[in-house]
Amino acid sequence: MAVSTDRRTRTVSELSLPTLLAPPVQRALLVVAALAVLAQSALLILVPPPAGYEPSPVTAFPVSYWAMFGLGIATAVLVSVGSAVTRNRNWTRAVTLLLAQYALFFAIPGVRGYRLYGRGTSDSLYHLGAVRDLVAFGSLPGDVFYPFEHMLFAELVFFGVPVATLIQLSPFVFTVVYVLGVGVYLRALTGDDRALPLGIAAATPLYFAKFYTQLQPAVLSFMLFPVFLAFVERARRTNDRRYLGLVAVSSIALIFFHPISALFFVVIVVGTVGYSNVYRRVTGNPVRSIRPTIALAIVPAAFMWYIGFRRTQLSIIEIFALAGETNPASQRAELASNAGLTALELVQRFVQLYGAVFLYFAVAGVFSLWLVSRLLKTDVKYHDGFLVTQFGIGSAVGIVFLGTYLIATGPIRIARYALVFATLLVGLSFLKLLVARGNFRLRVVGTTVLVVVVVAAALLGTFTVYGPNKHMTYSEYEGADFMLQYHNPDLPVRSFSLTVKTERYLTGGQDITLPRRTFSEESERYALTPGLGYDEYERASISYTHSYAATHEYDRRFLDAAYFTDNQREQLFLYDQSDIAEMDADHTVNRVYSNGGFQGWYIRWGEDKPNAATETFPAG
């Protein structure tokens, strides 16, 4: 739409839609948002700490807390959209309140008094263990082959940030960079200042789910992509050496942040070059391009860095060994079929886990089809075709990763390329409605639908960040640390809930050399059986032979989470207090540790040493 120099003409043409979101309305919404943030702050303080094991931090808070959270999201999105329409800076206040709300949200584990948000198989245990090693010894263990994240976190620890606090601080900082970065990049791409608040509104949902708190470099590195792409776009438009230098620095950082993210960056930059050339030839419109040399240099640099690591070699062997035998799609289908859920419950679980991503992909897909139909009839705008092209590339990459085993298996992690560009397309769809001429009703309905989609996705995404039973209590930490420090290293510690990553976190920063693993979820050598074995044998020495066992309140309480259905509770039951009492009375078992929520047991041979006791176990 041509912008008239006559302020009155411009105002009338652009404000025919937003009399609903005029500045006085925006100011009122900002007051509501501020009150919502204050209410959340009060509830965080007033809700009493857990008296025992707490299955989920989400259900620990009343519905009123989440109602205030949703109200804060909705008002921030509405003010951002209205601010773009009326060309004022109220969006800065809305974004400030939004980020304050997210700061409170990511502080929940600390407020609830957890020792650490991350337990069991959470990747955060592995990464924080590596950080502790780096801080204590000045070097990383040999199995850490992408050190950027760990070096960054270690610097924060040197400045006084506790290691456990990194799980609260890092997601918030990366979320701020991502949300603002989407807006900055969309403005750089379209050349329209209004795209900044609209892009921020589109990036509001926390749709990366558990990956915020798992500290996965594969996802955290991707949350920097909008900023890196803004550098690429500015370098393309201006050929300024400063932006070319920033692209080079971004490329180097990604090499050491995560190899797949580095390769995706190459794909995006090469795709930018290819699309620019095609656009120039097809439309005849002059358009600058960027030399792909800097990005292409990532490939040999990454190869030289990663190929020397044993872990890289094992990953390549694993990919070829499992090629054609399994893939993430079949794994998820098998997981769904074995989940003990009805068809309706499976649909509900899908909405819970992937509803936010599905909504964004649906909007991006429909909008892309509309843009393609427009491109065939009217003059092509560079940014329209570019975002559609990159979304298509990202979708193709996701399909390849779903159909082929390439180490990564989580659907959201696999779809992160497409998800970033789906978000940009949602922001662009806001902008298209804003500048569209005529049909006032269509613009109002379209904008309303998009706002509802963004708010719904934000709420759905929020509830996936903190999954049930993902936090480590003080009793688990202290009990596991005791067993690790004082057990006979030739004997396994059997448990339902202690893993290799638990051990990795506990030994991080400590000069401990053990002949074999202490905990593991990967071998029968470290396993317990339902009922602690007493459903089959009278003595633990027959069930487990000479070993240790660890029982934890988590084992008995994790099924209390509302996430599980009655059928799942029946299928996943492990043991109860009566089984603990039976182990306590077993003359072949000694209780060697107890802190109320965690018990450590030593299982010795019985007087009538059974045949099972003569078994030998391979080193774990």
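The values are calculated or read from the model by the stated rules, or taken from the named source; none is laboratory data. A quick note: this is a predicted structure, and the numbers were derived from the prediction, not measured. All Cβ positions, even for glycine, are placed from backbone atoms using ideal geometry, and neighbour counts span all protein chains on display. The accessibility values were calculated without ligands, DNA or RNA, using every heavy atom of the protein model including side chains. Shrake-Rupley method; radii C 1.70, N 1.55, O 1.52, S 1.80 Å.
Within the set F367, F391, F401, F386, the sole residue that is touching a strand residue (DSSP E or B) at 6+ places or on another chain (Cβ under 8 Å) and either open to solvent by 40 Å² or more (accessible area, probe 1.4 Å) or among the hydrophobic types (A, V, I, L, M, F, W, C) (or both) turns out to be F401.
Residue count for the stretch 123-138, restricted to those that are open to solvent by less than 10 Å² (accessible area, probe 1.4 Å) and small (G, A, S): 3.
Say we look at the stretch 495-508 and pick out the residues that are open to solvent by 20 Å² or more (accessible area, probe 1.4 Å) and within 15 Å of R119 (Cβ to Cβ); which of these is farthest from the chain's Cα centre (by Cα)? Only one residue tops the list, namely F496.
For the stretch 217-255, enumerate the residues that are within 30 Å of K501 (Cβ to Cβ) and either of a type in the set (D, E, K, R) or in contact with a Lys or Arg (Cβ under 7 Å, 6 or more places away or on another chain) (or both). Within the stretch 217-255, A218, V219, F222 meet the criteria. Within the stretch 231-289, if we keep just the residues that are outside any helix (DSSP H, G or I) and among the charged types (D, E, K, R), the residue that is most open to solvent (accessible area, probe 1.4 Å) turns out to be R288.
A single member of V179, V247 is closer than 30 Å to H471 by Cα and either free of Cβ contacts under 8 Å to residues at least 24 places away in the same chain or assigned by the TED database to the domain that holds I307 (or both), and it is V179. Going by what's in this entry, would T462 be described as closer than 30 Å to Q348 by Cβ, β-branched (V, I, T), in contact (Cβ under 8 Å) with a residue 12 or more places away in the chain and in contact with an Asp or Glu (Cβ under 8 Å, 6 or more places away or on another chain)? No, not satisfied. Is it fair to say A202 is within 18 Å of V454 (Cβ to Cβ), small (G, A, S) and in the same structural domain as P217 (by the TED database)? Answer is yes for this residue. Quick check on my filter: what residues within the stretch 160-219 are open to solvent by 20 Å² or more (accessible area, probe 1.4 Å), small (G, A, S) and not in a helix (DSSP H, G or I)? Hits for the stretch 160-219 are G160, G191. Looking across E582, E553, one residue alone is assigned by the TED database to the domain that holds Y486, touching a helix residue (DSSP H, G or I) at 6+ places or on another chain (Cβ under 8 Å) and either modelled with pLDDT under 90 or farther than 30 Å from A60 by Cβ (or both). It is E582. Selection of first residues in the stretch 29-40 that are of a type in the set (S, T, N, Q) and of second residues that are part of a helix (DSSP H, G or I), restricted to Cβ pairs under 8 Å at least 6 apart or on distinct chains, gives the following pairs, ordered by first then second residue: Q40/Y65; Q40/M68; Q40/F69; Q40/G72; Q40/Q101; Q40/L104.
Take the conditions (1) under 24 Å from D490 (Cβ atoms); (2) open to solvent by 60 Å² or more (accessible area, probe 1.4 Å); Q577 misses just one of them, which is (1). Kindly indicate the residue of the stretch 464-478 that is under 15 Å from N595 (Cα atoms) and not hydroxyl-bearing (S, T, Y) and also surrounded by the fewest Cβ atoms within 10 Å (Cβ to Cβ) among those meeting that condition. My answer is E478. Condition (residue is within 30 Å of I167 (Cα to Cα), touching a Ser or Thr at 6+ places or on another chain (Cβ under 9 Å), at pLDDT below 95 and open to solvent by 40 Å² or more (accessible area, probe 1.4 Å)) applied to the stretch 413-424: is it met by at least one residue? So far as the stretch 413-424 goes, no, none of its residues is within 30 Å of I167 (Cα to Cα), touching a Ser or Thr at 6+ places or on another chain (Cβ under 9 Å), at pLDDT below 95 and open to solvent by 40 Å² or more (accessible area, probe 1.4 Å).
Taking the conditions exactly as written (open to solvent by less than 10 Å² (accessible area, probe 1.4 Å) and either within 30 Å of A84 (Cβ to Cβ) or of a type in the set (D, E) (or both)), does G461 satisfy them or not? Taking the combined requirement at face value, the residue satisfies it.
I'd like to verify a number: residues in the stretch 109-130 that are touching a residue at least 60 places away in the same chain (Cβ under 8 Å), in a helix (DSSP H, G or I) and either acidic (D, E) or within 25 Å of E155 (Cβ to Cβ) (or both), how many?
Final tally of qualifying residues: 9.
Out of curiosity, is L353 open to solvent by 30 Å² or more (accessible area, probe 1.4 Å), closer than 21 Å to A336 by Cα and aliphatic (A, V, I, L, M)? Yes. Where helices (runs of 4 or more DSSP H) fall entirely within the stretch 521-594, those with at least 1 residues that are closer than 18 Å to M483 by Cβ and either in contact (Cβ under 8 Å) with a residue 12 or more places away in the chain or touching a Phe, Trp or Tyr at 6+ places or on another chain (Cβ under 6 Å) (or both) are at 540-544, 553-557, 577-585. Number of residues in the stretch 481-494 that are open to solvent by 10 Å² or more (accessible area, probe 1.4 Å) and either assigned to a loop (DSSP other than H, G, I, E, B) or of a type in the set (D, E) (or both) equals 6.
Within the stretch 509-522, can you find the residues that are open to solvent by 10 Å² or more (accessible area, probe 1.4 Å) and closer than 24 Å to R569 by Cα?
So in the stretch 509-522, the residues open to solvent by 10 Å² or more (accessible area, probe 1.4 Å) come out as 509-517, 521-522.
Of everything in the stretch 509-522, those that are open to solvent by 10 Å² or more (accessible area, probe 1.4 Å) and closer than 24 Å to R569 by Cα turn out to be E521, E522.
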